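Take a look at the structure set out below.
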Amino acid sequence: MTESRIAGLDRSLRQRALKVVPGGMYGHMRVAGLPEGYPQFFARGEGCYLWDVDGRKYLDFMCSWGPVVLGHRHPKVDEAARRQMEQGDCLNGPSERMVELAERLVGLVTHADWAMFSKNGTDATTTCVTLARGATGKRKIVLASGAYHGAVPWCSPYPYGVTSEDRVHAIYIKYNDIASLEAAVAQAGNDLAAILVSAFRHDYGQHQELPDPAFARRARSLADANDAALILDDVRAGFRLTLHGSWDPIGVQPDLSAWSKAIANGYALAAVMGNERFRQAASQLYATGSFWCGATSMAAALATIDVLETANGPEHMRLMGQRLRDGVAAQAARHGVAIRQSGPAQMPSILFEDDADYAKGSRFVLEALKRGVYLHPKHNMFLSLAHTAADIDLALSVTDEAFGVIAKLQ
């Protein structure tokens, strides 16, 4: 990235970080994966807006890569967190908030008879897989090729530091492909511990796919027939599509589910939920972390659920996402630019046709960024309860100009 495209304080922080942080930044929030001009460091957020450290304001469609479901700094959530922090957060054991939150989640999520907590999505998916293996006494895990389930060796999408032994018991399928699912289960034989599925296919840089109900039903029946667990990774989608589990609308319930991101509106928290069949096994599993019982995040989660239920958050996000999707589709058609929109409206993806190197998409989002709208060229984006019709219309005024730029380049 050329220095001319990076404002002063952001540039300075990058230089300082290079001296004390490997590569200056790491993981999915590393701005090196975005077009030139994107900020790396941010100063604050409010509702559906962000300000970078150089004072530039953006209408935010990434929502901290998913955790912010109500909007940045939601007053009811922050107040609940402050009240709890004044009493204590990391104590010798959990606070009353843990029991309250588990009760609340069990009352909301259709398949859940119990809940246990950790801090991030990788914690939750790994706990689900470990629990399935412990409960069944088997080893093989069937999962979709290209799916993201966390950043540890058994599931990381990147090979660096990963050995073949780390994944020796993984068998890969194509999402929504029943034939590949059946073949994988047959390959596992009598050693199938779990079938692990995402709420929908949200592979990075790829066309998203909603779950085929027939595929979901077959996954459920194959897990039952083989005394294996059906695990739903709801880390990314949970509480945006529905408050009851993302496969609830298609009538298929998992045995175990992994949650994080949106459940506490930006406070660090994850959950594993399960049905009665796995209760005893879960009580025997050694799963722990020094901060997993932190009371502040649990208080934030309770307030988050209150707001989502009162406002019917998933429906609001669906309506705003559909407003964005319809407007973008009309603009693309008017400018003669071929695009693909996919996934649920609450978590939109916009990819350009004939754009194997993502050059069009990168130029499009950079033009939007210059005009104050933060989009992503490859990753699915996120709506929040804070996005209003006026915000969507503002975004559309910007995307219309960005499409105009792309049209001139064709």
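The values are calculated or read from the model by the stated rules, or taken from the named source; none is laboratory data. In this text, all values refer to a predicted model and were calculated from it rather than measured experimentally. So basically every Cβ, Gly included, is an ideal-geometry build from the backbone, and we count neighbours across all protein chains shown.
Per-residue answers, yes or no, for (1) over 22 Å from G66 (Cβ atoms); (2) touching a strand residue (DSSP E or B) at 6+ places or on another chain (Cβ under 9 Å); (3) among the polar types (S, T, N, Q):
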| residue | (1), (2), (3) |
| --- | --- |
| R83 | yes, no, no |
| D89 | yes, no, no |
| H111 | no, yes, no |
| L131 | yes, yes, no |
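Of the residues making up region 52-63, those that are more than 12 Å from A7 (Cβ to Cβ) and more than 17 Å from the chain's Cα centre (by Cα) number 3.
Taking the conditions (1) more than 16 Å from the chain's Cα centre (by Cα); (2) modelled with pLDDT of 95 or more in turn, G150 satisfies each one other than (1). Cβ-Cβ contacts under 7 Å between residues 6 or more apart (or on different chains), taken from a first residue in region 315-328 that is among the basic types (K, R) to a second residue that is at pLDDT 95 or above, are listed as R318/A345; R318/Q346; R323/A389; R323/I392; R325/Q341; R325/A345; R325/P348. Scanning region 28-40 for residues that are crowded, with 17+ Cβ neighbours inside 10 Å and farther than 23 Å from V235 by Cβ, we see that the one that is farthest from the chain's Cα centre (by Cα) is G37. Within region 274-318, the set of residues being surrounded by 22 or more Cβ atoms within 10 Å (Cβ to Cβ) and within 17 Å of N120 (Cβ to Cβ) comprises G294, T296, S297, M298, A300, A301, T304. Out of D212, D224, D233, one residue alone is closer than 21 Å to V142 by Cβ, in contact with a strand residue (DSSP E or B) (Cβ under 7 Å, 6 or more places away or on another chain), assigned by TED's automatic domain parsing to the domain that holds V106 and at pLDDT 95 or above. It is D233. May I ask you to verify whether A282 is among the small types (G, A, S), outside any loop (DSSP other than H, G, I, E, B), more than 18 Å from P67 (Cα to Cα) and not assigned by TED's automatic domain parsing to the domain that holds R97? So A282 fails the test.
Selection of region 363-410 for residues being basic (K, R) and free of Cβ contacts under 8 Å to residues at least 12 places away in the same chain yields only K408. Each residue in region 264-279 was checked for being out of contact with any His (no Cβ under 6 Å at 6 or more places or on another chain) and under 13 Å from M116 (Cα atoms), and 8 pass. The residues listed here are A333, A329; of these, the one that is more than 23 Å from H202 (Cα to Cα), modelled with pLDDT of 95 or more and part of a helix (DSSP H, G or I) is A333.
Rundown of residues vs (1) surrounded by 22 or more Cβ atoms within 10 Å (Cβ to Cβ); (2) polar (S, T, N, Q); (3) under 30 Å from S246 (Cα atoms); (4) in the same structural domain as A262 (by TED's automatic domain parsing), yes/no style:
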position: R334; (1), (2), (3), (4): no, no, no, no
position: P344; (1), (2), (3), (4): yes, no, yes, no
position: L383; (1), (2), (3), (4): yes, no, yes, no
position: A390; (1), (2), (3), (4): no, no, yes, no
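Look at (1) surrounded by 15 or more Cβ atoms within 10 Å (Cβ to Cβ); (2) more than 23 Å from the chain's Cα centre (by Cα); (3) not basic (K, R) and you find that A407 fails only one, number (1).
State whether one or more residues within region 221-229 are in contact (Cβ under 8 Å) with a residue 60 or more places away in the chain, surrounded by 24 or more Cβ atoms within 10 Å (Cβ to Cβ) and on the phi < 0 side of the Ramachandran plot. Checked against the condition, which is being in contact (Cβ under 8 Å) with a residue 60 or more places away in the chain, surrounded by 24 or more Cβ atoms within 10 Å (Cβ to Cβ) and on the phi < 0 side of the Ramachandran plot, region 221-229 yields at least one hit. For region 247-265, name all the residues that are in contact with a strand residue (DSSP E or B) (Cβ under 7 Å, 6 or more places away or on another chain) and part of a loop (DSSP other than H, G, I, E, B). Once the filter is applied, which keeps residues that are in contact with a strand residue (DSSP E or B) (Cβ under 7 Å, 6 or more places away or on another chain) and part of a loop (DSSP other than H, G, I, E, B), region 247-265 yields W247, P254, D255, S260. If the condition is being in contact with a Phe, Trp or Tyr (Cβ under 8 Å, 6 or more places away or on another chain), closer than 14 Å to G146 by Cα and surrounded by fewer than 18 Cβ atoms within 10 Å (Cβ to Cβ), then region 174-202 contributes only D177. Taken as a whole, the structure places G146 among residues that are in the same structural domain as F215 (by TED's automatic domain parsing) and either within 23 Å of G205 (Cα to Cα) or touching a Gly at 6+ places or on another chain (Cβ under 8 Å) (or both).
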